[in-house]
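Written below as structure tokens is the structure these notes are about.
No lab work stands behind these numbers, since they all come straight from the coordinates. Small disclaimer: the values here were computed from a predicted structure and weren't measured. Reconstructed Cβ throughout: ideal geometry from the backbone, glycine too, with neighbour counts over all protein chains shown.
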Amino acid sequence: MPFRLACVQFHPEMGKVKHNLDRMAEIVRQAVGEEGADLVAFPETSVSGYYVQGGACDVAMEPDEVRDGLAERLSGLGSHVDVLAGFYRKSSGEPFNSAGWFSFAPDAKTVAVYDKFFLATYTVFDEDRYVSRGRELGVFDTRFGKVGLLICEDTWHSILGTLLALHGAQIVFSLIASPGRGFQGKVPSNVDRYDRMLRAIAEEHGVY
């Protein structure tokens, strides 16, 4: 089905979950009311900010907590909207860098959650020290078709894009919170690399 997607360039306040949820709900309302968006996509760890490091356990939430927090702030919206957002997920006392797909309609609930598989542990990154690795593919059905999810570093490992396509993903989203690196060219070098990697996934597997 045709749908309108709003991709949000969002700068969360580090560790300020309530403030970030307030701002995210404002953006969803704007995207739906002014742009007619059916799906609003936020970046990696948008609920808390990325560089919380050892504070990941403190800001980690259950998926339903994220959905309920947004649902409360979106009450009276009057439109069916889906939201894709990154957050630190709490499970058995361990935090995961996760992406949640949330539907906001009278009979809707959390559709799916994906935990980042490849953790960045080089240069300024030290994820493997603070969060646990995911173990399952992020492929699931939505009202827009079958969706596959990647989170930042996942995109650099082509095997995951291939597996998503083999499991039927028609659309692949990558949630990214990486800082810009390499400023010698017209755009940061890692931005250029992401563009090429995502285009390669689309071209190789015939997905959006």
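By the gyration tensor of its Cα atoms, with a ≥ b ≥ c the square roots of the eigenvalues, what is the shape of region 107-169: rounded for a/c under 1.5, prolate for a/b over b/c, or oblate?
Oblate, because a/c is 1.5 or more while a/b does not exceed b/c.
Say we join alpha carbon atoms closer than 10 Å with springs in a Gaussian network model of the chain; which of Gly93, Gly49, Gly134 then has the biggest fluctuation?
Evaluated over the chain, the most mobile residue of the options is Gly93.
So which chymotrypsin sites (Phe, Trp or Tyr not before Pro) in region 151-183 end up in coil per DSSP with only 11 or fewer other C-beta atoms within 10 Å?
Passing both the DSSP loop test and the Cβ count: Phe183.
Shape call for region 65-119 from the C-alpha gyration tensor, a ≥ b ≥ c root eigenvalues: rounded (a/c under 1.5), prolate (a/b greater than b/c) or oblate?
It is prolate, given that a/c is not under 1.5 and a/b is the larger ratio.
Antiparallel DSSP bridges in region 1-111: what percent, to the nearest 5?
Roughly 65 percent of the beta bridges in region 1-111 run antiparallel, per DSSP.
So which trypsin sites (Lys or Arg not before Pro) in region 1-93 end up in coil per DSSP with only 12 or fewer other C-beta atoms within 10 Å?
Sparse-neighbourhood loop trypsin sites (Lys or Arg not before Pro): Arg4.
Restricting to bridges with both residues inside region 96-208, how much of the DSSP beta-bridge set is antiparallel, in percent to the nearest 5?
Taking every DSSP beta bridge with both residues in region 96-208, the antiparallel ones total about 60 percent.
In Å and on Cα atoms, what radius of gyration and Dmax does the chain show?
16.4, 50
Using a cut-off of 14 Å between beta-carbons, work out the net charge of the residues near Asp141 (Lys and Arg +1, Asp and Glu -1, Asp141 not included).
Computed value for this residue: +2.
Amide H of Ala112 versus every other amide H placed in the peptide plane: which residues, excluding those fewer than 5 positions away on the same chain, fall under 5 Å?
Result for Ala112 returns Trp101.
If the viscosity is 1.567 mPa s and the temperature 4 °C, what translational diffusion coefficient in µm²/s does Stokes-Einstein give for region 36-89 when Rh comes from Kirkwood over Cα pairs?
The Stokes-Einstein estimate is 106 µm²/s.
Using mean Cβ contacts within 10 Å as the protection proxy, how do 103-109, 142-148 order, highest first?
For the peptides 103-109, 142-148, the packing ranking is 142-148, 103-109.
Grab the other residues whose beta carbon is less than 12 angstrom from that of Lys16, score K and R as +1, D and E as -1, and report the net.
So the environment of Lys16 carries a net charge of -1.
Only bridges whose two residues both fall in the chain count here: according to DSSP, what percent of them are antiparallel, nearest 5?
Counting only bridges with both partners in the chain, antiparallel ones make up about 60 percent.
Specify the residue with the greatest mean-square fluctuation among Asp195, Asp68, Asp58, computed from a Gaussian network of the chain linking alpha-carbon atoms under 10 Å apart.
Judging by the Gaussian network model, the answer is Asp195.
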